[in-house]
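The values are calculated or read from the model by the stated rules, or taken from the named source; none is laboratory data. Remember, it's a predicted structure, so these values are computed and weren't measured experimentally. Here the Cβ positions follow ideal geometry from the backbone for every residue, glycine too, while neighbour counts run over all protein chains shown.
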Amino acid sequence: MNSSTLIATYDVRLVALSVVIAICASYVALDLAGRVNAARDNARIAWLIGGAVAMGTGIWSMHYIGMLAYRLPVQVYYHIPTVILSLVAAIAASLVALFVVSRPSVSVLHVIVGSLLIASGISGMHYTGMAAMRLPAMHQWDPTLVTMSVVVALIVALAALGLTFMFREEGHDKVLKSICAIIMGFAVPAMHYTGMAGVSFKAMPDAPDMTNSMDISGMANIAIVTVTFIVLGSVFVASRLFAPTHEPPAASSAAKA
């Protein structure tokens, strides 16, 4: 390895936290699938948007906690507009996922196209987030690992669609849902850490452009985690308090007649 290449390490505690956040976001996603599927008209739109924001925020938070777990021997700042763009990509990917699984009928074509769009959104979020880094070093990419990370994103998207489609009907066992959320929760960070394995940083003498950039300190880290759990918790509670109502008994009786 070139002596000018920066040596990176990981904070294992933050890595573990990123996985926990991914698991929580996955459980909320599985829970929301049924709510969105049962809702109609404006209520369905509200659940789609609210669910996409919750899922997207969870996925994005997992990504940034994973970024903060990646320690370099130089100060790292983040370009805020690019960070926001990565959050938008995560929410867009989540919106596509919920929209696909909540359709009245889902074909193989829907799953394929949906998975491609979701994988693009997740990959876009990751590499846009990487582009937000501001430090006195230059990115160097391993094409094989970068390609592998995109393939992992596609596999994750296919698995996510399959699992959320399974749980779009009410009444599934909570233990099974929890097991599936754990599987998804490990799968989503797999893409992130595969992508991180594909990058190294070569020290540069020039100072980076710090316009609209800031250091994400420990307090900001706590704020990201807190906001994420508030958003996920709020949507989860709302899904319990304001569950979509099913077709009234009168309509069912009329149908039988």
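Answer yes or no as to whether Val83 is surrounded by 21 or more Cβ atoms within 10 Å (Cβ to Cβ) and in contact with a Phe, Trp or Tyr (Cβ under 6 Å, 6 or more places away or on another chain).
On the way: surrounded by 21 or more Cβ atoms within 10 Å (Cβ to Cβ): yes; in contact with a Phe, Trp or Tyr (Cβ under 6 Å, 6 or more places away or on another chain): no.
When the stated conditions are applied, Val83 does not pass them.
The set of residues from the stretch 187-202 being modelled with pLDDT of 85 or more and part of a helix (DSSP H, G or I) comprises Pro189, Ala190, Met191, His192, Tyr193, Thr194, Gly195, Met196, Ala197. Which one is modelled with the lowest pLDDT among residues in the stretch 203-241 that are assigned to a loop (DSSP other than H, G, I, E, B) and touching a Phe, Trp or Tyr at 6+ places or on another chain (Cβ under 9 Å)? So the residue we want is Ile216. Looking at the stretch 65-85, can you tell me whether even one residue there is part of a helix (DSSP H, G or I), touching a residue at least 24 places away in the same chain (Cβ under 8 Å) and touching a Cys at 6+ places or on another chain (Cβ under 9 Å)? No, the stretch 65-85 has no match at all.
Given the residues Ala92, Ala159, Ala119, which is the only one that is part of a helix (DSSP H, G or I) and in contact (Cβ under 8 Å) with a residue 40 or more places away in the chain?
Numbers: Ala159 fails: in contact (Cβ under 8 Å) with a residue 40 or more places away in the chain; Ala119 fails: in contact (Cβ under 8 Å) with a residue 40 or more places away in the chain.
Testing whether each residue is part of a helix (DSSP H, G or I) and in contact (Cβ under 8 Å) with a residue 40 or more places away in the chain leaves just Ala92.
Only a single criterion out of (1) surrounded by 18 or more Cβ atoms within 10 Å (Cβ to Cβ); (2) part of a loop (DSSP other than H, G, I, E, B) is not satisfied by Ser105, namely (1). Here the stretch 1-37 is the region considered, the condition is being within 22 Å of Gly51 (Cα to Cα) and not hydrophobic (A, V, I, L, M, F, W, C), and the residue that is surrounded by the most Cβ atoms within 10 Å (Cβ to Cβ) is Ser26.
Which of the residues belonging to the stretch 6-63 are acidic (Asp, Glu) and in a helix (DSSP H, G or I)? Steps first, please.
Narrowing the stretch 6-63 to residues acidic (Asp, Glu): 11, 31, 41.
Correct list: Asp31, Asp41.
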